[in-house]
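Remarks on the structure that follows.
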Amino acid sequence: MDMKGKNVVLGVTGGIAAYRAADIARALTKRGAAVYCILTRNALNFITRKTMETLTGNPAVVDMFERPSQWEVEHIALAKRADVFLVAPASANFLGKVAAGVADDMLTTTVMATRAPIVVAPAMNTNMYENPVTQRNMQTLRDLLHVAFVEPEVGLLACNTVGKGHIASNEEILAAVERALSEKDLAGYRVLVTAGPTRERIDPVRYITNRSSGRMGYAIAEAAARRGARVTLVSGPVALECPAGVNRVFVESTQDLYDEMARLCPDQDAIVQAAAPADYRPEAAADHKIKKTGADGLTLRMVENPDVAAMVGENKREDQVVVAFAAETEDLKANAAKKLEKKRADFIVGNDVTRPGAGFDVATNIVTFYDRQGETALPLLQKTEVADRILDRVARLLREKQDT
C-alpha cells in the first residue's frame, strides 16, 4: 500500500523489543508515510531518540512538558495529525494504564486524545501476556477504543524462555497499519458472516462436529466492521472473542444455523458463509448417555441436515451479494464450480485443506476465488489478509449491483 500523505504516530514503550521500532519506522517511511515518534522514558533505555529522529526525519517526543519545536500543544497536535496510531512494542504497563484511563506521560496522553484508529503490537514475558489482567485490559481496549491488536508470536524471549510474547513480524504489523488506513468502503451496508462448526447431538454428553476453529469467519467479521459495515456474526461453538462492534448470534446445530439464516438473511446486503455446518446428524439423539454393552460396536443411523447455503441462494435478492466457501480434500476446482451454481453464489472461496498452511487451527490460508468469469488464486496469506481480499471483492460487487 502506498502510504504517501498519511501520518503515522509511532509509540514505543520500554522493553527489549523496542529495537524493532527502528525497522518499523524505516519501513513506514519507505512506503511514503510521515512518521512521528513518541518514546516513553523507559523506551530510552533500549533505543535512542536520535535513532528515531534520523530514521523518520521528524522530531521524536518524550517529555510532556519539554518546549515544543512549534508553538502548539504537542500531544493534541500529534493526536489530531495521526491518520493511524501505532504502538509497537506495547508493554503490559502501557496496556493497563490506557485501559484504566490513566494519562500520565506523553504517549498515554496522546493515545487518549486521538480519534485515529489505534493499532497495538504487544511484547512481553509469556506469563505477563497470558495473565488474566493483561487479557482483560486488552479486551477493554478492543471494546472501548476498538484497538486492533497484532498478536505476539511464540518465540525466544529476553528472559531466555520460549513462549507467546515475542513481538509480531514487521509484515504483520505493517499489514495491520494498512488495514487501519483502508477506506470505509462498506459503510452503510449490512453484512452477515457465519463462522465455526456445528454440533449434532448423539446423547447428552456426545456430539458430532468438525475441525473448524472459526478463525476465518471471525477475521471476516472483524474486517467488515473495521471497514464500516453493520455486521452480524452467526457463530457455532468456538473459543474466540467477539470482534469489537459486531453483533454475535450463537448457534449449536445445523438446524439452528438454518433457522437463524432464514430469519436474518432477508435484511442483509451481503452474506459471507464461512461456517462449516455438519452435513449429517444422528436420526435420533439418545435421552441418556449411551453405555458400553460389550457388543461389537455402536451403530448410528445418520440423516442429512438441511442445506443452509442452498436455502440462502434460493432466497437471494438480485441486489444481494452471496459468498460461499468450499473446503475440499480433492477436486477443488470441480467441486467449487458445482457449488457456485447450486448455491447461486456470486463467488466461491475454495481451499484444499490438505495443503500446509491452509488447514484447520492455523492463522494462515491458501484460497482461490471462483466465479462465472474464471478463477483467481491467492498465495499463502494470513487469514486477516484473506478476509480483506474477500471483502474487496464483496465491496466491488455491492457497488456494481447498486449501479445497475
- request: Sort out which residues of the stretch 312-369 are more than 25 Å from Gln268 (Cα to Cα), in contact with a helix residue (DSSP H, G or I) (Cβ under 8 Å, 6 or more places away or on another chain) and of a type in the set (S, T, N, Q), and write them in order of number.
  value: Asn351, Thr364, Asn365
message: Checking the conditions here, which among Asp287, Asp296, Asp259 is over 11 Å from Glu200 (Cβ atoms), in a loop (DSSP other than H, G, I, E, B) and free of Cβ contacts under 8 Å to residues at least 60 places away in the same chain?
response: Asp296
field: The listed residue being closer than 20 Å to Gly350 by Cα and of a type in the set (Phe, Trp, Tyr), out of Tyr189, Tyr218
entry: Tyr218
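Could you please find all residues in the stretch 23-39 being open to solvent by 20 Å² or more (accessible area, probe 1.4 Å) and either closer than 18 Å to His166 by Cα or not in a helix (DSSP H, G or I) (or both)?
Within the stretch 23-39, Asp23, Arg31, Gly32, Ala34, Tyr36 meet the criteria.
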query: Mind checking whether some residue in the stretch 225-234 is over 21 Å from Val321 (Cα atoms), assigned to a loop (DSSP other than H, G, I, E, B), in contact (Cβ under 8 Å) with a residue 24 or more places away in the chain and out of contact with any Pro (no Cβ under 7 Å at 6 or more places or on another chain)?
result: no
query: Hey, among the residues in the stretch 181-219 that are in contact with a helix residue (DSSP H, G or I) (Cβ under 9 Å, 6 or more places away or on another chain) and hydroxyl-bearing (Ser, Thr, Tyr), which one's surrounded by the most Cβ atoms within 10 Å (Cβ to Cβ)?
result: Thr194
field: Pick from the stretch 106-132, criterion without any contact (Cβ under 8 Å) to a residue 40 or more places away in the chain and more than 30 Å from Ala77 (Cβ to Cβ), ranking: surrounded by the most Cβ atoms within 10 Å (Cβ to Cβ)
entry: Tyr129
Answer residue from the stretch 133-148, given it is among the hydrophobic types (A, V, I, L, M, F, W, C) and surrounded by fewer than 19 Cβ atoms within 10 Å (Cβ to Cβ) and is nearest to Val177 (Cα to Cα) among those: Leu145
- request: Report, by residue number, each residue of the stretch 363-399 that is surrounded by fewer than 21 Cβ atoms within 10 Å (Cβ to Cβ) and among the polar types (S, T, N, Q).
  value: Thr364, Thr368, Gln373, Thr376, Gln382
message: Looking at the stretch 359-404 only, could you name the residues that are of a type in the set (S, T, N, Q) and in contact with a Phe, Trp or Tyr (Cβ under 7 Å, 6 or more places away or on another chain)?
response: Thr376
message: Being buried (at least 20 other Cβ atoms within 10 Å of the Cβ) and out of contact with any Asp or Glu (no Cβ under 8 Å at 6 or more places or on another chain) narrows it down to one residue among Ala262, Ala276, Ala310, Ala284; which is it?
response: Ala276
field: Test result for Thr140, part of a helix (DSSP H, G or I), more than 17 Å from the chain's Cα centre (by Cα) and of a type in the set (Val, Ile, Thr)
entry: no
task: Kindly list, by first and then second residue, each pair from a residue in the stretch 338-359 that is among the basic types (Lys, Arg) to a residue that is part of a strand (DSSP E or B) and modelled with pLDDT of 95 or more, limited to pairs with Cβ atoms under 7 Å and residues at least 6 apart or on different chains.
output: Lys339/Ala324; Lys339/Ile348; Lys343/Ala324; Arg344/Val322
message: Conditions first: (1) in a helix (DSSP H, G or I); (2) closer than 24 Å to Pro197 by Cβ; (3) in contact (Cβ under 8 Å) with a residue 12 or more places away in the chain. Lys333 passes all but one, so which condition is the exception?
response: (2)
query: Could you count how many residues in the stretch 336-362 are assigned to a helix (DSSP H, G or I) and open to solvent by 30 Å² or more (accessible area, probe 1.4 Å)?
result: 5
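The values are calculated or read from the model by the stated rules, or taken from the named source; none is laboratory data. None of the values given here were measured: they were computed from a predicted structure. For neighbour counting, all protein chains shown are included, and Cβ atoms are generated from backbone atoms with ideal geometry for every residue, glycine included. Accessible surface is based on the protein model in full, side chains and every heavy atom, while ligands, DNA and RNA are left aside. Shrake-Rupley method; radii C 1.70, N 1.55, O 1.52, S 1.80 Å.
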